[in-house]
Amino acid sequence: MKLPFAEPFKIKMVENIKRTTKEERERYIKENYYNLFNLKSNMVFIDLLTDSGTGAMSDHQWSELMKGDESYAGSRSYYKLKEAIKDVLGFDYFLPTHQGRAAENVLFSVLVKEGDIIPGNSHFDTTKGHIEFRKGRAVDCTIDEGFDPDSDYPFKGNVDLKKLEKVFKENPIEKIPFVIITITNNTGGGQPVSLENIKAVSELCKKYGVKLFIDGARFAENAYFIKKREKAYENKSIREIVREIFSYADGMTMSSKKDAIVNMGGFIAMRDPELFRKASVFNIMFEGFVTYGGMNGRDMAALARGLYEGTEFDYLEARIRQVEYLGEKLKEYGVPILKPVGGHAVFLDAKRFFPHIPQSEYPAQLLGVELYIEGGVRGVEIGTILADRDPITREERYPKLELLRLAIPRRVYTDNHMNYVAVAAANVLERRDKIKRGFKIIEEAPIMRHFTVKLERL
Ligand code: F0G
């Protein structure tokens, strides 16, 4: 018999999670105005709200915490991280920051001016937020396949070169300080970008004299997909692929809470010493001195180790396989999901799940609430509530897709947990006809309403 797959790690420490009854959960969610962000973590059995900062560190990472050097300036741990960034990613200069959006804040303080245009492939919310905050504009140049929930295209995160060149041609080039490619493309469902595409974007950028940056939050998962799906790279190691990806970029921003498997941290890495010098000023102002920038020495040490562990093939295989496994189980039970399953999450298609619930009643939020009540599973709405109102007309903005994201933390849950989640979703599907109406909003903030919105059942 062919030996089945098994995880390349065993469990040294466990954290108990609390079981609750359906009646309790009905009460909890009602008391919290049907907002999943308001729930206390002990009200949740399986927490798939995010894969960010929720991973399990290894024994080696925990031991790095003990070896951390907390010197204000010139910390040993800083140099350990510097070496890891050079070795794994190939950049000579870097600045630590407390998380990914802080890296964006510092870098964009140098690079983004009012009226600037920053093309990319579906910029992440915080990336777009930091561009728009500086009165710049994020232009989405993702390929059309990226917006088609039925397309099985292997690299749905790719940049459309024609769309990008059009932006270059139709705008004064000095208004485009850089292009940013997000790997994997979180907004588009954790979809990867091919190396061929990254290389082509970099060539186009060079032709027009525009810099290229990479939002590398999930760079290792992207490299795994390149190895699996891009013929030319099937015999390359993950580390070789990673080095090649970043060789095409002038720099990167990183949320280390994802693929570097730490609970907090981020950085900016770059080649240009002049950019490093300018960014250092903002880093000192917003984050901390250049050799700690918002991070503990011990956390930098654990992060350095995480960069190596996160780029091991065996780990990545287990990681991506588990996400795929959940996707397969859901499909088996007829639960509609977005295809193909991305690197870090499975997206449930709420429009197809609840065809009888109009978008004005927030079907993806309804699905999130019902899945919580059914099994104590927490996902996150990526639909009308998140899309928010038009800032000028204050009308609801109805997005094309109404999704519930189930993001899988790294090295945290077992396949039994995935089975449990799939059955909980299948049970909701079975009783969906009894769920006649969605929600109405009774209170909302003027911006980023999803975090604090209060809802009532119709
Ligand atoms: N870029 C991407 C692609 C992200 O997914 C995130 C965070 C950030 C930047 C910002 O990093 O949280 O460290 O400040 N994504 C989280 C998520 C919040 O749940 O997808 P951060």
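The values are calculated or read from the model by the stated rules, or taken from the named source; none is laboratory data. Predicted model only: the values in this text are computed from it and were never measured. No Cβ is skipped: glycine too gets one built from the backbone with ideal geometry, and neighbour counts run over all protein chains shown. When the accessible area is computed, the model is the full protein with side chains, heavy atoms only, and any ligands, DNA or RNA have been set aside. Shrake-Rupley method; radii C 1.70, N 1.55, O 1.52, S 1.80 Å.
Points to keep in mind about this one:
- The dipole here belongs to region 59-309: it is taken about the Cα centre, uses +1 on the Cβ of Lys and Arg and -1 on the Cβ of Asp and Glu, and is about 440 debye.
- Available extension along the chain between residue 240 and residue 21 is 74.0 nm, counting 0.36 nm per residue and deducting the alpha carbon span.
- Here the extension length gained between residue 396 and residue 76 equals 110.1 nm, from 0.36 nm per residue of separation less the Cα-Cα distance.
- Most to least packed among 27-34, 309-316, 287-294 [average Cβ atoms within 10 Å]: 287-294, 309-316, 27-34
- Surface per residue (accessible, 1.4 Å probe) for the chain, Å²: 44 Å²
- With Cα atoms, 0 to 90° folded angle of helix 415-430 axis to the chain main axis: 50 degrees
- Protection proxy ranking, highest mean first, for peptides 248-256, 136-144: 248-256, 136-144, where packing is the per-residue count of other beta-carbon atoms within 10 Å, averaged.
- Rh by Kirkwood over Cα pairs, then Stokes-Einstein D for region 59-309 at 1.567 mPa s and 4 °C, µm²/s: 72 µm²/s
- Note on region 322-391 and region 213-228: Cα centroid distance 24 Å, given to the nearest whole angstrom.
- Of all DSSP beta bridges in the chain, antiparallel share, percent nearest 5: 65 percent
- Net length available on complete extension from residue 278 to residue 328 is 13.2 nm, with 0.36 nm assigned per residue and the Cα-Cα distance removed.
- Per principal axis, descending, Cα span of region 220-264 in whole Å: 35, 23, 13
- Between region 26-100 and region 267-309, the alpha-carbon center distance in angstrom: 15 Å
- When a 1.4 Å probe is rolled over the protein heavy atoms, the share of accessible surface on region 390-443 that falls to carbon and sulfur comes to 51 percent.
- Accessible-area composition of region 59-309, carbon plus sulfur, in percent [1.4 Å probe]: 52 percent
- Too-long pairs where the Cα-Cα distance tops 32 Å, listed order kept, from 211/329; 113/162; 67/231: 211/329; 67/231
- Region 212-309 - share of DSSP beta bridges that are antiparallel (%, nearest 5): 60 percent
- Each peptide in 211-222, 345-356, 226-237 receives the mean, over its residues, of other Cβ atoms within 10 Å, and ordering these scores from highest gives 211-222, 345-356, 226-237.
- Rounded to the nearest 20 debye, dipole of the chain from Cβ charges on Lys, Arg, Asp, Glu: 220 debye
- D by Stokes-Einstein for the chain, Kirkwood Rh over Cα pairs, 25 °C, 0.890 mPa s: 108 µm²/s.
- Acute angle (nearest 10 degrees) that the helix 161-170 long axis makes with the longest principal axis of the chain, alpha-carbon atoms: 60 degrees
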